Amino acid sequence: MNIGIILPAEPKKQQQIKLPKFLRVFETLFLDPEPLEVQKIDIFQGLRLVVLGVPLINRDILTSEAKGKKLRHRIRRVFEVEKAWPLLEHPEIRGLLGLPDYRFDEVSENIIINRFLEILSLIRGVGDLSKKEITVTGEASYLEYAITNLITKVKTLNILLAQNSPVPYEAEQAFLETGIPVHITTDPDVLNRSAVWIRFPNDHASFDELPQKYNGIIIDLEAARVIDTKCKKIYRIVIEFSERIKNKIGSNILKGWKEGYLEGAVITVCSNLWDVSIQESSSRLGMLLSFKA
């Protein structure tokens, strides 16, 4: 499986041919086109990046159909020969081929939610979860998921609901299976004794005011960030290639992309290639979760 990546490249200095003024409109017919630089990087078994450097002598080529038609044909031909798909355009030249706007950043959001236990373990100062009281908010399906994964790992698990919200089925089931009670409450004061508050997506809008009064660590999975209210610091949660894969790809290729975009593309392709979930694919690839200020 090959993924195509299109990057802007500096045009190489070539000997300039001085044409008579009346022939300059036909200059592209007399001069050889700038060569396209192709680099192949095997980043994992069965997965290769085909990186194409496109020298942009004149940036008008991005918006000019006439000037760009020949270049676009050459680019597509390269990837057809290499059997590369999907094709990803670097943000600086997005729109050159008129490719779809792939939403690979949503893959990162999915992984962050599904690997929330790993995020918990990476946060300094959280300490031993078995001695901690943790509060969770979010959509009903996420609450059930949280109960299943946290019930045997924490001292006390609080589920904070808005008024008249249904009680998650997993709360009673977890008690029957483990004997550990899940504290269901609509009282936001429960946060006063919670070291960590985990906010899954789509919790009630009324909870948005609570962080101003909370004194602890908030893991906001919908916004992909960790908020330390004591130190008044906010960290983005990002997913990154392992150091081994970063070294193979190189910083020149990695720079300039939206956080998690390239990683999301590779995870998605491998998920389809291996017929496994997005989460399993990210684990096999050794994707790292980290915090950035």
Filtered hits (aspartates and glutamates, Cα-Cα < 14 Å from LYS258, offset >= 8 within chain) -> GLU89, GLU92, ASP101, ASP105, GLU106, GLU109, GLU240
Per the rule of 0.36 nm per residue minus the C-alpha distance, extending HIS183 to ASN164 adds in nm 5.2 nm
Sorted by packing (mean other beta-carbon atoms within 10 Å per residue), highest first, where do 177-186, 259-268, 132-141 land? 259-268, 132-141, 177-186
Please state the charge dipole magnitude for the chain, taken about the Cα centre, from unit charges on C-beta atoms (+1 on K and R, -1 on D and E), reported in debye and rounded to the nearest 20. 1720
Let me have the 222 nm mean residue ellipticity of the chain computed from DSSP H runs of 4+ only, each contributing -39500 (n - 2.57), with the sum over all residues rounded to the nearest 500. -9000 deg cm²/dmol
Run the simple label-point estimate for TRP85 and LEU122 please: 7 Å along Cα→C-beta, distance reported in nm. 3.3
Which three lengths, in whole Å and largest first, does the chain cover when its Cα atoms are put on their principal axes? 86, 38, 33
Given contacts defined as C-alpha pairs under 8 Å and at least six residues apart, what's the relative contact order of the chain, whole-number percent? 17
Multiply the residue separation of LYS70 and SER251 by 0.36 nm, subtract the distance between their alpha-carbon atoms, and state the gained length in nm to one decimal. 62.2 nm
Of all trypsin sites (Lys or Arg not before Pro) in the range 219-284, which ones are in loop regions per DSSP and have a Cβ with at most 11 other Cβ atoms within 10 Å? LYS230, LYS232, LYS255, LYS258
Probe 1.4 Å, all protein chains present, accessible-area order of TRP197, TRP85, largest first: TRP85, TRP197
Which value in nm describes the separation of the simple spin-label points at LEU99 and GLU222, placed 7 Å from the Cα toward the beta carbon? 3.2
Nearest-ten-degree value, helix 140-150 long axis tilted from longest Cα axis of the chain: 80
Can you pull the one-decimal nm distance between simple spin-label points at SER277 and ILE234, each 7 Å off the Cα toward Cβ? 3.0
Determine the percent antiparallel among the DSSP beta bridges restricted to the chain, to the nearest 5. 40
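The values are calculated or read from the model by the stated rules, or taken from the named source; none is laboratory data. None of these values were measured; they are calculated from a predicted model. Virtual Cβ from ideal backbone geometry, glycine too; neighbours counted across all protein chains shown. Each accessible area value is taken on the protein alone, full model and side chains, heavy atoms only, with ligands, DNA and RNA left out. Shrake-Rupley method; radii C 1.70, N 1.55, O 1.52, S 1.80 Å.
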